[in-house]
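Input: a single structure, listed below in structure tokens.
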Amino acid sequence: MRFLFILAFFLFFNSQRGWAQAYQPEKINKRAINIYGQVLGILAHDGYNDAIPYLQKAIAIDSNYLDAYLSLAGVYGQLKNYKAAVYYYERAKHKDSNYCSIYNLPYSINLAGLGKFDSALVAINTFLTIPNMDEVSLKSASYRKKCYEFGVQYQNKYPHPDYQFNPINLGDSVNSAHSEYLPTFSVDDSLLVFSRRSEDGGEYFYRSNLINPKLFSKAEIIPGKLNEEPFKGAITVSADGDWMIFAADISGKTYGNFDLFLSYYTPNGWSEPENMGPNINSEFWESTPCLSPDKRVLYFSSKRTGGFGGADLYVSYRDIHGKWGKAINMGPTINSVGDEQAPFMHADNQTLYFTSNGLQGYGGTDLFVSRKGTDGSWSVPENLGYPINTIENEGSLTVAANGTDAYYASDRSDSKGGMDLYYFELRKDIQPSKTIYIKGYVYDEKTKKGLPSNVEVIDNITRKPLMVVQTDETGYYFITLPTDRAYSFNVNRKGYLFYNKLYDLNNKAADSTYRENIYLNPIVVNAKMVLHNIVFGINDYTLAEKSKVELEKIIEILKENPTITIAINGYTDGLGNKEENLVLSTNRAKEVMSYLISNGIDKLRLQCKGMGDGNPISDNTTEKGRALNRRTEIVIMGL
């Protein structure tokens with residue numbers, strides 16, 4: 001019916017024009033007119049494909065039937081066959097451009113659909129020269145002009161002549177005759193979770209496993225309570241595959257409208273969904289959740305009052321006790337007067353993708369990317385550009401941990417039915433940081449048993465925590481990190497000395513997997529701990545700035561255990577004069593002790609000693625071995 005309204009509007013507009021026309025409707029073949037009359041009835045029931053043969057027959061009978069050309073162009077436009085639409089608009093314009101001038105608005109839209117924004121801009125500017133235009137047409141044309149201008153500017157600013165946008169259908173294993181949408185992956189990309197609309201109109205959550213690159217197992221409905229609710233929406237899976245958060249309107253369990261619910265994976269399957277509570281949910285609509293890789297941050301969209309537009313993006317932080325903090329609006333840099341939805345945080349924990357119909361784009365809902373800076377602020381969102389974004393509404397985007405493969409839903413011509421899931425290669429300038437995988441177990445050094453613990457990752461540049469990962473009950477952890485910087489890993493557990501180690505990932509290969517098992521020493525007399533990140537210059541005893549990250553952990557332990565006394569032992573490598581090494585190691589140990597005292601630790605609880613090049617723990621003939629020997633040790637002297 002929308003097409004009939006548009007068609008009737010343009011025919012009425014043309015009938016009111018006062019200028020002379022080369023096109024003479026009264027001379028059109030009557031048989032062609034009768035066929036055209038049948039088309040109107042077909043279009044009344046949205047039978048666009050069925051109308052095409054009739055319109056083509058009318059044109060075949062009378063090649064001067066401009067209304068048939070224009071209607072055929074309009075039908076193809078409704079079917080998103082922009083190429084055919086432009087072809088028939090141009091055939092009509094060639095016969096009488098004056099008569100077709102009012103059609104420059106839909107003509108421009110179809111040109112933009114092909115990515116021809118410069119030609120679309122010419123067409124819309126021509127349309128805007130029509131005198132006495134009504135307010136609705138003027139507003140629509142002005143909006144489109146702004147979109148085309150953006151398209152031209154983007155192409156000029158970010159030319160990508162070598163980029164090929166070629167979405168590949170995920171195939172019969174994942175897609176069906178119904179619509180599939182909102183894909184999300186576990187961090188190692190082995191588990192795909194998505195929504196599928198069924199014949200009864202309900203939404204159900206499905207899962208599929210990655211067998212090998214781009215080949216997925218047959219999708220199956222996710223068993224358990226989370227699929228029994230009739231009114232559900234968007235779903236996301238945690239990086240480790242153990243949590244699922246989804247939007248639902250569960251009778252008697254919501255605060256008003258759609259709320260976010262959490263389900264855990266257990267040995268008996270997925271648990272009963274739990275409402276995530278009033279710090280996250282409100283009496284208004286909440287949906288499209290996304291968890292950070294460490295499960296410490298939840299991003300979602302809400303239509304609650306007090307925002308900047310219809311639906312805004314919000315964030316909630318989970319504390320060390322597992323409690324979610326009060327949701328915070330992500331602010332005017334991210335949110336607009338329109339709707340922001342479908343946030344997706346990449347495995348690098350700093351690149352956020354989302355949709356918006358309020359930020360400047362090509363028309364409808366576009367995809368954007370924003371990056372978190374070292375100070376925690378977000379960059380101005382960047383439109384992903386054509387052809388990823390189009391004049392239509394774009395849905396959610398998920399980017400694999402490799403930063404290259406992107407997944408989204410679309411109703412392209414090769415769809416199995418409705419919307420299907422596709423993958424494509426993301427353009428380099430809008431890719432997230434390359435990441436690597438680090439995994440292993442946290443063990444008790446003496447018993448070798450796994451220890452559930454928090455693994456904290458510190459950015460060595462900012463000295464601020466980047467993420468905190470909770471191991472499972474066996475002590476297992478799995479972390480993805482950007483490869484372009486250095487980190488410190490801290491592991492704390494009550495009753496144990498903390499663990500700290502520097503990981504320099506600047507020269508590590510992306511998409512590689514590194515295994516690092518972590519051993520914690522119980523706090524007992526004579527327990528030792530090597531401070532791996534206490535760094536001094538050559539023949540110098542001035543503490544490097546990055547050394548202070550580890551020392552702050554020592555301070556934390558000493559303040560939590562006020563009766564502990566420790567010895568600080570300094571060591572050098574085997575090079576140089578022994579007496580000089582002894583003096584150097586003594587000065588380094590004193591420097592560490594001075595730092596602890598200056599930060600509130602009683603000097604009576606501390607003693608220090610230089611050990612020179614004694615008690616080497618590695619070979620002094622290699623630089624790697626010598627680096628290990630240049631160390632600072634903490635020894636528990638008393639409890």
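The values are calculated or read from the model by the stated rules, or taken from the named source; none is laboratory data. In this text the structure is predicted, and so the values were computed from the model without any measurement. Cβ: placed from backbone, ideal geometry, glycine included. Neighbour counts: every protein chain shown.
Annotations
- Segment 488-497, residues that are part of a loop (DSSP other than H, G, I, E, B) and surrounded by 20 or more Cβ atoms within 10 Å (Cβ to Cβ): Leu497
- Looking across segment 473-493 at every residue that is modelled with pLDDT of 80 or more and among the charged types (D, E, K, R), the one that is nearest to Leu291 (Cα to Cα) is identified as Glu473.
Yes or no, residue by residue, for (1) touching a residue at least 12 places away in the same chain (Cβ under 8 Å); (2) in contact with a strand residue (DSSP E or B) (Cβ under 6 Å, 6 or more places away or on another chain); (3) not assigned by TED's automatic domain parsing to the domain that holds Leu352; (4) not in a strand (DSSP E or B):
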site: Ser415; (1), (2), (3), (4): yes, no, no, yes
site: Phe424; (1), (2), (3), (4): yes, yes, no, no
site: Pro465; (1), (2), (3), (4): no, yes, yes, no
site: Val468; (1), (2), (3), (4): yes, yes, yes, no
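- Any hit, segment 322-332, residues being modelled with pLDDT of 90 or more, at positive phi and in a loop (DSSP other than H, G, I, E, B): yes
- Within segment 253-279, the set of residues being farther than 13 Å from Lys225 by Cα and buried (at least 17 other Cβ atoms within 10 Å of the Cβ) comprises Thr254, Asn257, Phe258, Asp259, Leu260, Met276.
- Output for segment 291-321, where each listed residue is crowded, with 20+ Cβ neighbours inside 10 Å, in contact (Cβ under 8 Å) with a residue 40 or more places away in the chain and part of a strand (DSSP E or B): Leu291, Leu298, Tyr299, Phe300, Ser301, Leu313
- Hits in segment 574-615 - residues which are without any contact (Cβ under 8 Å) to a residue 40 or more places away in the chain, over 21 Å from Ala627 (Cβ atoms) and within 50 Å of the chain's Cα centre (by Cα): Met593, Ser594, Ile597, Ser598, Asp602, Lys603
- Residue match in segment 182-196 (condition: more than 28 Å from Asp294 (Cβ to Cβ), crowded, with 19+ Cβ neighbours inside 10 Å, touching a Leu at 6+ places or on another chain (Cβ under 9 Å) and of a type in the set (S, T, N, Q)): no
- Strands (runs of 3 or more DSSP E) within segment 184-281 that include 1 or more residues hydroxyl-bearing (Ser, Thr, Tyr): 191-197, 203-212, 232-237, 259-266
- Residue satisfying all of: in segment 424-467; polar (S, T, N, Q) and more than 12 Å from Asn490 (Cβ to Cβ); farthest from the chain's Cα centre (by Cα) among these: Thr447
- Checking Ala509 against (1) of a type outside the set (Phe, Trp, Tyr); (2) crowded, with 16+ Cβ neighbours inside 10 Å; (3) at pLDDT below 80; (4) within 23 Å of the chain's Cα centre (by Cα), the condition it does not meet: (2)
- Within segment 524-583, tally of residues that are among the charged types (D, E, K, R), out of contact with any Asp or Glu (no Cβ under 9 Å at 6 or more places or on another chain), modelled with pLDDT of 80 or more and not in a helix (DSSP H, G or I): 0
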